[in-house]
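K.L.:
Just passing along the structure, written as structure tokens.
The values are calculated or read from the model by the stated rules, or taken from the named source; none is laboratory data. Since the model is a prediction, treat every value here as computed from it, not as a measurement. As a convention, Cβ positions derive from the backbone with ideal geometry for all residues, glycine included, and neighbour counts pool all protein chains shown. What goes into the accessible areas is simple: the full protein's heavy atoms, side chains included, and nothing from ligands, DNA or RNA. Shrake-Rupley method; radii C 1.70, N 1.55, O 1.52, S 1.80 Å.
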Amino acid sequence: MVQVKDIMAVMEGIAPRKLAESWDKPGLAVGDPNHEVKKILVALDVTKEVIAEAAEMGADMIITHHPMLLFQKFDSITTETSVGSKIISLIQNNIAAFSAHTNLDIAKGGTNDVLAELIGLQDLTYLEETWAEDLKKIAVFVPVTHAEAVRKAMCDAGAGEIGNYTCCTFGAPGESTFLPMEGSNPFLGEQGKLERVEEVRLEALVPASQAANVIAAMKAAHPYEEVAYDVYAVEQRYKKEGIGRMGVLPAPVAFADFARMLKEKLGLDSIRLTGDAHKMIQKVALCTGSGAEFIMPAYYAGADAYLTADIKFHEAQKAVETGICVADVTHYASEVLIVPVIQKALEQAAAEKGWALEVVCSKVNGQTFWAL
Ligand SMILES: [Zn+2]
């Protein structure tokens, strides 16, 4: 039986929760993690139309990009409010609601990467760093005879990763002393006698989140009943992730021609632009959804053009003054691209795990704005 929590685990692999911005609320908003899931509806938002669509098709779970309860504060859940009605409707129809939001924007292969790939950007980097993995250093003192076994156990548990290298450890030989006291059961030596042993000080960097696992593996492989080890906080960070993307087009193109390509690829009827239509652009930055706050970071990073949505008049004016060309590709168009990507990823996970799971893209979660 596939349960909501199994789907949540797959989504955690696609968009790890730890990558989310601090103000964000991704995850399971409504539902029981143990509830069975046979059918999933993927959409951009949990609107009342999307809930009706899910109920109609007998879906057990809705997965969206936007969290349905973000910034919500309520003292009661009743049908008198739109959010209350949606929560009650989900519960009445036994539908769980889960979202992956800024964690999906930041994750590799997420919303920003999907848009960057669609427009052909190469050599991608993030626009602004939002996450870096905290590290610890673990140093353990181990008899020479067991140094290799302890080293391997620590590395197998996740210690010693630096960039594209694994098993990065350092060992320094030395002499250790210990005096087994009453009640001890020493692996070497005897009670009441000072023991001198040739040991290795073995040290490795460990992701802080995996320190407990590495220490447990280290202790399991270590022969002593009392393992001497130190855990240090370290300053440097190797694994970093960020929001937005910056890359280069295969060849320079006039901004107006670039904008025509955007219109066509994103299925837009029109596109709001600022800046010089004839400016030749090659270095392009983007941020899906509401990313006007990154106009200036994009400019300072050297971008010729910047793509985002929800740009206000004065923000656009500021962009014009710098000379960076900006395209407002609409919040919906920049993010709806992720819906089929999530659907395919869940289908692939189901196929790999042998799950009988149907995953459907919403047909009703459409563009909110319309124009005359
Ligand atoms: Zn959004």
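K.L.:
Taking segment 170-194 only, how many residues are more than 27 Å from Gly160 (Cα to Cα) and either open to solvent by less than 40 Å² (accessible area, probe 1.4 Å) or in a loop (DSSP other than H, G, I, E, B) (or both)?
P.N.:
Number of matching residues: 16.
K.L.:
Further, regarding this structure: Any residue at all in segment 267-279 that is open to solvent by 50 Å² or more (accessible area, probe 1.4 Å) and either without any contact (Cβ under 8 Å) to a residue 24 or more places away in the chain or of a type in the set (Phe, Trp, Tyr) (or both)?
P.N.:
Looking for residues that are open to solvent by 50 Å² or more (accessible area, probe 1.4 Å) and either without any contact (Cβ under 8 Å) to a residue 24 or more places away in the chain or of a type in the set (Phe, Trp, Tyr) (or both), one finds none in segment 267-279, hence no.
K.L.:
Can you report the number of residues in segment 51-65 which are outside any loop (DSSP other than H, G, I, E, B), more than 15 Å from the ligand (Cβ to nearest atom), touching a strand residue (DSSP E or B) at 6+ places or on another chain (Cβ under 9 Å) and touching a residue at least 40 places away in the same chain (Cβ under 8 Å)? Spell out how you get there, then give the answer.
P.N.:
Filtering segment 51-65 down to residues outside any loop (DSSP other than H, G, I, E, B) leaves 51-57, 61-64.
Now drop any that are not more than 15 Å from the ligand (Cβ to nearest atom), which leaves 51-57, 61-62.
Imposing the further condition that a residue be touching a strand residue (DSSP E or B) at 6+ places or on another chain (Cβ under 9 Å) reduces the set to 51, 53-54, 57, 61-62.
If we keep only those that are touching a residue at least 40 places away in the same chain (Cβ under 8 Å) as well, we get 51, 53-54, 57, 61.
Residues that pass the stated criteria total 5.
K.L.:
Looking only at residues that are surrounded by 23 or more Cβ atoms within 10 Å (Cβ to Cβ) and away from the ligand (no atom under 13 Å from the Cβ) in segment 284-294, which one is nearest to the chain's Cα centre (by Cα)?
P.N.:
First pass over segment 284-294, keeping only residues surrounded by 23 or more Cβ atoms within 10 Å (Cβ to Cβ): 284-288, 291.
Applying the additional criterion that residues be away from the ligand (no atom under 13 Å from the Cβ) yields 284-286.
Working: Val284: 22, Ala285: 20, Leu286: 17 Å.
Top of the filtered list is Leu286.
K.L.:
Give the number of residues within segment 332-372 that are in contact with a Phe, Trp or Tyr (Cβ under 9 Å, 6 or more places away or on another chain) and within 30 Å of Asp304 (Cα to Cα).
P.N.:
Result for segment 332-372: 4.
K.L.:
Step by step: first the residues of segment 223-252, then only those that are of a type in the set (A, V, I, L, M, F, W, C) and in contact with a helix residue (DSSP H, G or I) (Cβ under 8 Å, 6 or more places away or on another chain), then the one that is farthest from Leu286 (Cα to Cα). Which residue is that?
P.N.:
Here is the first cut: in segment 223-252, the ones of a type in the set (A, V, I, L, M, F, W, C) are 227-228, 231, 233-234, 243, 246, 248-249, 251.
With in contact with a helix residue (DSSP H, G or I) (Cβ under 8 Å, 6 or more places away or on another chain) added as a condition, the list becomes 227, 231, 243, 246, 249.
Values: Val227: 51, Val231: 40, Ile243: 9, Met246: 6, Leu249: 13 Å.
Among those that are of a type in the set (A, V, I, L, M, F, W, C) and in contact with a helix residue (DSSP H, G or I) (Cβ under 8 Å, 6 or more places away or on another chain), it is Val227.
K.L.:
If you don't mind, there's one more thing I want to ask. List every residue pair whose Cβ atoms lie under 7 Å apart, where the two residues are 6 or more positions apart in sequence or sit on different chains, the first residue falls within segment 66-84 and is of a type outside the set (Gly, Ala, Ser) and in a loop (DSSP other than H, G, I, E, B), and the second residue, located anywhere, is within 16 Å of the ligand (Cβ to nearest atom) and open to solvent by 70 Å² or more (accessible area, probe 1.4 Å).
P.N.:
Close Cβ pairs (under 7 Å, with a partner that is within 16 Å of the ligand (Cβ to nearest atom) and open to solvent by 70 Å² or more (accessible area, probe 1.4 Å)) amount to Pro67/Lys25; Leu69/Lys25; Leu70/Lys25.
K.L.:
Still on this structure, please answer the following. Any chance segment 94-108 includes a residue that's assigned to a helix (DSSP H, G or I), more than 30 Å from Gly160 (Cβ to Cβ), open to solvent by 40 Å² or more (accessible area, probe 1.4 Å) and away from the ligand (no atom under 16 Å from the Cβ)?
P.N.:
no
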